[in-house]
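Read the structure below first, then the notes.
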Amino acid sequence: FLKTEDRLYDYLMWQLRLTIMPNDGVRAAAEALIGNLNEDGFIDGSLEEIAALGPWPSEVMQQALEIVQQFDPTGVAARDLQECLLLQLKAHGYGERLACRMIREHFHELQNHKLPEVARKLGVPVEAVANELKLIRQLEPKPGRRYAPPETQYIAPEVYIEKIDNEYVI
């Protein structure tokens, strides 16, 4: 029994088919958006570039983006890592936590492990920043990773058969 794994595109399109959309334009824009996600689940290009593929004004693209960003896996259709993490925190009900402020306002300092600087700027103890960082580390930085095609596994033969002159040699 062989089972083919779902790809991110297929999984998102399945969710889109189940979603009630405001109109066909938003549905078409959402399809274009899903078609322009990379294997990690991030948008390849800008919304303007994707909108240029069809007759969608920026308001329709923004509406489609907000709908697709609510799909599973959480954090999909983000434009960058920062937005991906914020989407995940919001989806888990942590939209008002210190972790969101840390990512929204001090993302670059966090990436460079400047916790004392982040704590000072936010006016909180370093321990609070460190605790929130534990929550952030539990998030998935590449939401589409689970649906990425498996890496190619090469098979090395154990036996070679060669034809030498008119004879086969194992």
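Within the stretch 85-170, all pairs of alpha-carbon atoms sorted by distance into 10 Å bins from zero give the percentages 14, 32, 15, 9, 8, 8, 9, 5, 0.
Surface analysis of the chain yields an accessible area of 67 Å² per residue, using protein heavy atoms and a 1.4 Å probe. Given the C-alpha centroids of the stretch 47-76 and the stretch 80-106, what is the distance between them in whole angstrom? Computed from Cα coordinates, the inter-centre distance equals 20 Å.
Within a straight-line Cα-Cα reach of under 21 Å, residue 142 can be paired with the following lysines, leaving aside sequence neighbours fewer than 8 residues apart in one chain: 90, 134.
All C-alpha to C-alpha distances of the chain, sorted into 10 Å bins beginning at zero, yield P(r) values of 9, 28, 24, 17, 9, 6, 5, 1, 0 percent in whole numbers. Surface composition of the stretch 86-170: carbon plus sulfur atoms hold 51% of the accessible area, using a 1.4 angstrom probe and ignoring ligands, DNA and RNA.
Loop-located GluC sites (Glu not before Pro) in the stretch 20-116 (DSSP state other than H, G, I, E, B) with a sparse environment of at most 16 neighbouring Cβ atoms within 10 Å: 39, 96.
Counting only DSSP H runs of at least 4 residues, each contributing -39500 (n - 2.57), and dividing by the residue count of the chain, the helix-based mean residue ellipticity at 222 nm comes to -14500 deg cm²/dmol.
The values are calculated or read from the model by the stated rules, or taken from the named source; none is laboratory data. Predicted model only: the values in this text are computed from it and were never measured. For neighbour counting, all protein chains shown are included, and Cβ atoms are generated from backbone atoms with ideal geometry for every residue, glycine included. When the accessible area is computed, the model is the full protein with side chains, heavy atoms only, and any ligands, DNA or RNA have been set aside. Shrake-Rupley method; radii C 1.70, N 1.55, O 1.52, S 1.80 Å.
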